Amino acid sequence: GIQVEQSPPDLILQEGANSTLRCNFSDSVNNLQWFHQNPWGQLINLFYIPSGTKQNGRLSATTVATERYSLLYISSSQTTDSGVYFCAVGAGGTSYGKLTFGQGTILTVHP
Amino acid sequence: EAQVTQNPRYLITVTGKKLTVTCSQNMNHEYMSWYRQDPGLGLRQIYYSMNVEVTDKGDVPEGYKVSRKEKRNFPLILESPSPNQTSLYFCASSLSSQASSQAFFGQGTRLTVV
């Protein structure tokens, strides 16, 4: 099946810093989503971005499908950005809508 | 508001006592699925449904059952829960299993089996 690798596994920032999270995937995808898992365990949808670039406030994401990677940018980080960030991809076809998740990036933002 | 609703949010139960975790979506989505999340193993798909009365196993189906009698509901049934089913469970839905479509996740159900 499709493999998803996220980097870095851990990231520690001071409030106000910028960061880039990366997601590499091993095959063509028809779905790519970024999630933030908050301390209560909820998965918060950040972006649905199988290709192209999107922005939402301090967050933006870019997926280059032909090169099989996606980037999540966090600017001017805040302590509330702390948590785990997941990239998840869907390959379509016989995967029947299944999302394959990366192992996540644990982000800690200190005040 | 478009949403996927799971209940309960938290559950502690004893080994062998049957339980059901409910999942409902209000977006008229065809595709629904269940995932479990475990430390070191990430999120893995348990079962999925492509439409009413169409369900199939995901990657870790042992010990679980599902049904899809109505489009909006997709309950997860543990007939005889065991401690290794202690996990964080998520229900998800999307418009279609084939076309590129965003998946929406429920709030999660934290299950502890003692």
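Here is the figure for the range A:28-55: residues that are within 22 Å of A:GLY97 (Cα to Cα), out of contact with any strand residue (DSSP E or B) (no Cβ under 6 Å at 6 or more places or on another chain), away from every other protein chain (no Cβ under 11 Å) and not hydroxyl-bearing (Ser, Thr, Tyr) total 1.
Results for (1) within 29 Å of B:TYR89 (Cβ to Cβ); (2) modelled with pLDDT of 95 or more; (3) of a type in the set (Lys, Arg), shown as yes or no for each residue.
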position	(1), (2), (3)
A:ASN38	yes, no, no
A:ILE49	yes, yes, no
A:GLY52	no, yes, no
A:ARG58	no, yes, yes
A:THR62	no, yes, no
A:SER76	no, yes, no
A:THR79	yes, yes, no
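Here is a yes/no grid of residues against (1) more than 10 Å from chain A (Cβ to nearest Cβ); (2) loosely packed, with under 14 Cβ neighbours inside 10 Å:
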site: B:LYS17; (1), (2): yes, yes
site: B:GLN25; (1), (2): yes, no
site: B:PRO39; (1), (2): yes, yes
site: B:ARG44; (1), (2): no, no
site: B:SER49; (1), (2): no, no
site: B:LEU76; (1), (2): yes, no
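Note on the range B:1-15: residues that are among the hydrophobic types (A, V, I, L, M, F, W, C) and either under 15 Å from the mean Cα position of the chain (by Cα) or surrounded by 14 or more Cβ atoms within 10 Å (Cβ to Cβ) (or both) total 2. Of all the listed residues (A:PHE25, A:PHE101), the sole one being aromatic (Phe, Trp, Tyr), touching a residue at least 40 places away in the same chain (Cβ under 8 Å), under 22 Å from B:ASP38 (Cβ atoms) and away from every other protein chain (no Cβ under 12 Å) is A:PHE25.
Summed over the range A:54-111, the residues that are surrounded by fewer than 13 Cβ atoms within 10 Å (Cβ to Cβ) and within 12 Å of the chain's Cα centre (by Cα) give a count of 0.
Please go through the range B:2-15 and pick out each residue that is more than 11 Å from every other protein chain (Cβ to nearest Cβ) and more than 23 Å from B:GLN102 (Cα to Cα). Residues satisfying the conditions are B:PRO8, B:LEU11, B:ILE12, B:THR13, B:VAL14, B:THR15.
Among the residues examined, A:GLU5 does not qualify as over 22 Å from B:GLY42 (Cα atoms) and of a type in the set (D, E, K, R). Of all residues in the range B:62-114, those being at pLDDT below 95 and out of contact with any strand residue (DSSP E or B) (no Cβ under 8 Å at 6 or more places or on another chain) number 2.
Restricted to strands (runs of 3 or more DSSP E) entirely inside the range B:9-114, those with at least 1 residues that are in contact with a Cys (Cβ under 8 Å, 6 or more places away or on another chain) and hydrophobic (A, V, I, L, M, F, W, C) are B:19-25, B:31-38, B:76-78, B:87-94. When the range B:78-105 is filtered for residues that are within 13 Å of chain A (Cβ to nearest Cβ) and farther than 16 Å from B:ARG44 by Cβ, the ones remaining, listed by number, are B:SER93, B:SER94, B:LEU95, B:SER96, B:SER97, B:GLN98, B:ALA99, B:SER100, B:SER101, B:GLN102, B:PHE104.
Cβ-Cβ contacts under 7 Å between residues 6 or more apart (or on different chains), taken from a first residue in the range B:1-29 that is without any contact (Cβ under 8 Å) to a residue 60 or more places away in the chain and under 19 Å from B:SER94 (Cα atoms) to a second residue that is loosely packed, with under 14 Cβ neighbours inside 10 Å and of a type in the set (A, V, I, L, M, F, W, C), are listed as B:ASN26/B:ALA2. Of all residues in the range B:20-30, one or more are under 21 Å from A:ASN30 (Cβ atoms), among the acidic types (Asp, Glu) and touching a Lys or Arg at 6+ places or on another chain (Cβ under 8 Å).
The values are calculated or read from the model by the stated rules, or taken from the named source; none is laboratory data. Just so we're clear, the structure is a prediction, and the values are computed from it rather than from any experiment. Methodologically, a virtual Cβ is constructed for each residue, glycine included, from the backbone with ideal geometry; neighbour enumeration extends over all protein chains shown.
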